[in-house]
Amino acid sequence: MKTILVPTDFSKIARNAVDYAVEIAKLTKARLILFNVYNLEIVPPGVPTILPIDEMEKESTRELSKIERSIHQKHGDSIKIECRNRKGLPVDEINYYTEEHPVDLIVMGMTGAGFLGEKLIGSITTSIIKKAKCPVLVIDKTVKFKKPKKITLACDYREVSNKNILEPLLELAKVFSAHIDVLHVVPEFETVPSVSKTLERIKFDHMLVSTDHSSHTTENTDVIEGINDFAELNKSDMVVMIPRMHTGFEGFFFEPNTKRMAFHSKLPFLALHH
């Protein structure tokens, strides 16, 4: 992992995500890109009136520099930090940046009553999860960094066509020395799994052969509820999914009634993409 992009609007929620990203950068020796998008509708907290565009750019640059200085004061100068800002709409500009520059991970903050709670992450982070071409790590406003020791990867074995999809997760698991629990939620158990399903599981296990992991199957007609129950019972520290590929999950993930998806109030969420 070489580059971590951290979009910020200078709120406490966004700063919490910055702090989490800093810890990952320290462990992976990755470069940290602090990124702010400004426009006439979006001004930094504490600015009472709409500023001219040139003043907004200066204010954005000042706020980014403050964060950079505070990180270096706390963690030293070993962390490589770059500050970038752009005028426009946050979702568009974040996506444009990741298309123009190599980014290995996006780290963003979220709001809400809990992990993926009633006010799911906010429209910006939700849209980034749906559209980003690189993994997105979502950090709840209450989460403080600790090395995840147990990571739940919820997926259908057929979702993963090649190991490249899993590489960001495998790298983080190695850095964290974490165990990966691969979870497959089924509507009902099969006494004797079909040959195709058995082969799919064997192929998937082979992708994780060099990683500490175990496979689990849980029965539940509601995929989200099944993941929720497993994560709580297993005391998971992070949940990982592939929302773009998981058709049933994707449709549910972005619907308004997100209370059903509240796994934990304090749980990082990693969305993997191609």
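The values are calculated or read from the model by the stated rules, or taken from the named source; none is laboratory data. Since this is a predicted model, take the numbers as computed values, not measurements. No Cβ is skipped: glycine too gets one built from the backbone with ideal geometry, and neighbour counts run over all protein chains shown. Protein only, heavy atoms only, side chains kept; ligands, DNA and RNA dropped before computing areas. Shrake-Rupley method; radii C 1.70, N 1.55, O 1.52, S 1.80 Å.
In the condition set (1) under 15 Å from D9 (Cβ atoms); (2) at pLDDT 95 or above; (3) open to solvent by less than 90 Å² (accessible area, probe 1.4 Å), V47 is compliant with all but (2). Checking the structure you have, find out if any residue of the stretch 106-123 is part of a strand (DSSP E or B), more than 14 Å from the chain's Cα centre (by Cα) and modelled with pLDDT of 95 or more. There is no residue in the stretch 106-123 that is part of a strand (DSSP E or B), more than 14 Å from the chain's Cα centre (by Cα) and modelled with pLDDT of 95 or more.
Applying the condition of being part of a loop (DSSP other than H, G, I, E, B) and farther than 18 Å from K149 by Cα to the stretch 221-238 and asking which residue is least open to solvent (accessible area, probe 1.4 Å) yields D222.
For the stretch 161-177, a residue qualifies if it is surrounded by fewer than 21 Cβ atoms within 10 Å (Cβ to Cβ), in contact (Cβ under 8 Å) with a residue 40 or more places away in the chain and either touching a strand residue (DSSP E or B) at 6+ places or on another chain (Cβ under 6 Å) or acidic (D, E) (or both), and exactly one does: E171. The criterion of being modelled with pLDDT under 80 and not in a loop (DSSP other than H, G, I, E, B) holds for K197. Scan the stretch 142-158 and give yes if some residue there is more than 30 Å from F10 (Cβ to Cβ), at pLDDT below 90 and assigned to a helix (DSSP H, G or I), otherwise no. Yes; the residues of the stretch 142-158 include at least one that is more than 30 Å from F10 (Cβ to Cβ), at pLDDT below 90 and assigned to a helix (DSSP H, G or I). Quick one: would you say L64 is open to solvent by less than 20 Å² (accessible area, probe 1.4 Å), under 21 Å from E99 (Cα atoms) and at pLDDT 95 or above? It is false that L64 is open to solvent by less than 20 Å² (accessible area, probe 1.4 Å), under 21 Å from E99 (Cα atoms) and at pLDDT 95 or above.
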